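Note sheet for the following structure.
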Amino acid sequence: MSSAPDPKGPKSPPKARAKEEIHWNTGWWDYYPLVEQLSPRRIEWSNSSVIFSAHSSEPRILARHFSSSKHFSIPTPTPILSQPDAFDPPTVISLAPGDVHLFAYFPPGQRYSNGTACLWKRGPEIDNWTIDDSWTIAPSAGIIAASWLGSPREWVANDQAEFVRLPRRGPATPVSDPTLLLITQDHRATLCYMRQFSNKLQMISVSLSYPNSTAETGTPANLDRDNVNVLQICSTAAIGLAYDATSVLVATRSHVLPYPTVNNDHEMELGLNVNYAQEQPQEKDQLSTSDESCDEEAIIAVSQINLAFSGQMVMSSQPLDPIPISHGNVSDLQFVARPAISKESPPSLYLLTLSLNFGNYSSTPKSCLTCHSFSKESDSSTWTWESAASREWENQVVAVMAPSRVHRAGPGGLYVSLLSTTGSFQARRDQKEKEVRIGSTRCLQLPQLDDNVQYDTASVFTVSTKVGKELPICGALSSNDLLLCTLSSNIFASQVSVHHLPRPYASPSDVPPLAVGLASAILSRRETTDFVHVLSLPSLSLGDFVNIVYHTLSILEKQKRSGVVIRLTIGVCLEVYRNRARTAKGTEKESLDARWRSAHDLCSLIACNSAFDDCRDADGPDLGAIWQFFTLSNWVIALLEKIMKEAVLRNNGPTMSKETSDDLFGADPEPSPATEGSSQIDSPYLLHIVHPYALQGLKTALGNIKTLRDRLRVLNAQGENSHLAKGVFVDMVDCASIKLDALEEIIDGFLIGAAKIPPEDNWRSLAACEPTLAMQQQLVDNIRTLCNSGVISKSQLYIKPEELVDGFESLTLETPEDLDAPQDKDKDVITKGLLLKQVKSVKCQRCGGESEAAAGASEPTTGVLTVGTPSPRWRAWERIWMTSCICGGAWVKGYVVPAPVTNVIGQ
């Protein structure tokens, strides 16, 4: 039987969300900011993972820590503070190796004459910058390039994952630190430096146009111009520091402008008969090259700078043969240095020139990249160049050119970001913003400039509302060549974006490329924030992450450097697990949270043992730090109690053997479905009683507490303070819920059993921050030994005296604390003492812990009242952590106590 037809007619199918295809294209004017070299945009990515960029319209430097997104500003020099409208945003930003110093140049505004250069010095925190010096720059001597001399030697890995140290780059600077080389618009090179143990900034300068030299106490020579009818303004410069070289190369590209001509024959005098018909051709002949002289020169000038020291600094300059170039406007000029591949081959130095040809300004420009190779004979002190390769792109424009840092032995590569000139994307009407692919980043080989087939291709994205409007015009690589930071072309509101870089394909060996890079970063003490960002991505499985860290630890073990680097590697694991826990849910979030907290406990245990080792005199632990030792020992006992609670819980759980899980009547329990297939104990906190590295740390900590207790017992306390310290410490140890002496003997037996575990499983468990499957039997035996040995007093372990005193008032209905909260958030992450909240502090960007000791709060000059004066040994140990946290994370400024406010009555 058929149903009656609907009087309203048939129903229409549900409508899908309307989509429309949006086409976009770019014009030549969108790429013109790439060649505006007289007012360039700059961005720098520091080794401490801070991105420095110029403000879009104000003379300020903005800083942002990646990837915590903490923003802060650099202090502004006094001349700019007094007249902020007289200066433009900085056009040169340069960071010294190790992020110790920062340099920037602020050009003058259109209505003003002089610019300002400033040198900053960084404190222990990454956001603590102070002005070291500033000076005025003449308008004709604007700074266009800067480079630091005296960089430390770096560690690189070869194909066999073996590490070697590279030679020094550039000339040695044995008597100065810092040493900064500046190139100015008037074709001069200025060396700014501070002598060792001196705070006075000194400068010497030479001309790049002709051979000359200047001594430290001499007078710089004046610049002689060969052509008085033209004015050459250096617009682009590059500074080359080759490996194991004693000289510096400087390449410059200049704009040629006509000199203003004054004609004295035209006098304002009545009766003067002037033949204008004869004067006009002469003026035309004089400025006949004006069209050519207003453009860029058709050459790249190259000069060689030598530094010498014979009681005083001597700087000399020697011009070399220029490089002819005819590819349009130069958008970027960079030197790339590469170490020697073998002992027989010399180091390499290349000059890369990126230019744009706009033609008749009717279509998008064409990009051209040229490479020139520099070499020097063994018996010669002068460099020579030769053309190596050239490459052009027709339908794509090269916006960013960034040479890769040297982290692996070999020729290295060059990253170029190619932007498409047209494209389309699908957009929904109700969707405001969408990521649109506008180009790609590729890795090129040097010096051939061919695509490196061993690397993949990374995409360049932008939001749909800005596609075809704002393009990246400059970029900077992260400290480990994993990410690319770019700055948009919008002069009113510049946007900083971070893109992924091409990565090498998996090598035939089992070692992942990320493991070699991470080992190199840890060994060289570089910031690993970009590695943490990549390893925390959901696209990378947890098993792949553990495998990468496992190979990293194996590589570091081969280098016989498994001391401090293990703590730094554990810190990387801590940060990755903490980042993943922020986005996880349910049991996965709890597991990841337990892993990073267990890793933090291991780092804290290492720091506690180092305190006992450093604060020691001839008779044992320094009693001048007795109260500090009390807080550390109290934390160690609390850690042991947490481990014992977990062991007791697991001993009564279903994963233990049937001997320990009988019911009250002795019958075997029925196997549960959850434990029939697997009996693995996945408790990260129990890693401390099965891993040999963690067990050795516990054994050392127990030995330190026992040694201090034995010394206090035989000590004849004279004063009230010493008598109180002796009583409190001895009672804390003797009345603990764990018998420490017996536990130390049990740990000795655990170490014997841990020696039977294969080293590969030890590294994997340290990477996973929890026991692996191969450790399960040993872990079960250790748990059973602990629970049956009688070292644990369960009544004291679970019931504290303060809980009996408070009674029901200690009960609370509040929700548990956030899993993302820092470990022991009310305690100092270094000393484990309570945070007073009355003095300045610092905060770790990795674990979130705060410390007043690392900020210098325990110094006697702070006026903080403490029980006793900390010993010099203890203060020296605290100063060790002023640069980084116990987990290896960087410090930022924490809370700062404001100055007291004085109330004036009667006003």
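What follows is calculated from the coordinates using simple rules that are stated; it is not laboratory data. Keep in mind that this is a model prediction, so the values were computed, not measured. For neighbour counting, all protein chains shown are included, and Cβ atoms are generated from backbone atoms with ideal geometry for every residue, glycine included.
Over the range 511-583, what is the mean sequence separation of C-alpha contacts under 8 Å (at least six apart), divided by residue count, expressed as relative contact order in percent? Write down the numbers at each step before the final one.
On the way: 47 pairs, mean separation 31.4, N = 73.
Here the relative contact order equals 43 percent.
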Derived scalar couplings ³J(HN,Hα) [the range 700-714; Karplus, 6.51 cos²θ - 1.76 cosθ + 1.60; whole Hz; x for Gly, Pro] | 5, 5, 5, x, 5, 5, 5, 4, 5, 5, 5, 6, 5, 5, 8
Separation of the range 487-538 and the range 736-783 by C-alpha centroid, Å?
-> 35
List every residue whose amide H lies under 5 Å from the amide H of residue 331, counting only residues 5 or more places away in sequence or on a different chain, with H placed 1.01 Å from N in the peptide plane.
-> 354, 355, 356
Taking amide H positions as placed 1.01 Å from N in the peptide plane, with prolines and chain starts having none, which residues 5 or more places from residue 871, or on another chain, fall under 5 Å of its amide H?
-> 625
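Could you tell me which GluC sites (Glu not before Pro) in the range 103-192 are loop residues by DSSP with no more than 13 other beta carbons within 10 angstrom of their beta carbon? Can you show the working numbers first?
Details: sites: 125, 154, 162; in loops: 125, 154, 162.
Those that pass, being in a loop and sparsely packed, are 162.
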Rounded to whole Hz, the Karplus (6.51, -1.76, 1.60) HN-Hα couplings of the range 770-786, x for glycine and proline = 6, x, 8, 5, 5, 9, 5, 5, 5, 5, 4, 5, 5, 5, 5, 5, 5
Please work out the C-alpha center-to-center distance from the range 582-643 to the range 440-478 and express it in whole Å.
-> 45
Work out from phi, with θ = phi - 60° and the Karplus expression 6.51 cos²θ - 1.76 cosθ + 1.60, the ³J(HN,Hα) of each residue of the range 441-455, listed in order in whole Hz, and give x for Gly and Pro.
-> 10, 10, 10, 9, 7, 10, x, 6, 6, 8, 5, 7, 6, 7, 10
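Among 21, 392, rank each residue by its count of other Cβ atoms within 10 Å, from fewest to most, as a rough exposure measure. Intermediate values should be presented prior to the final figure.
Details: 21 8, 392 13.
Final ranking by Cβ density, sparse to dense: 21, 392.
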Roughly how many Å is it from the Cα centre of the range 65-143 to that of the range 331-359, as a whole number?
-> 29
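What list do you get for 627, 874, 891, 393 if you sort them by fewest beta carbons within 10 Å?
Ranked by crowding around the Cβ, least crowded first: 393, 627, 874, 891.
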Ranked 623, 484, criterion: other C-beta atoms within 10 Å, fewest first = 623, 484
Given backbone amide H placed at 1.01 Å from N, residues whose amide H is under 5 Å from that of residue 495, ignoring those fewer than 5 places away on the same chain, are 488, 490
In square nanometres, what is one fourth of the surface area of the convex hull spanned by the alpha carbons of the range 511-583?
-> 4.4
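Ordered by packing density, taken as the mean number of other Cβ atoms within 10 Å over each peptide's residues, highest first, how do 91-99, 495-503, 66-74 rank? The partial results should precede the final answer.
Working: 91-99: 19.8, 495-503: 18.2, 66-74: 15.0.
Going from most to least packed, we get 91-99, 495-503, 66-74.
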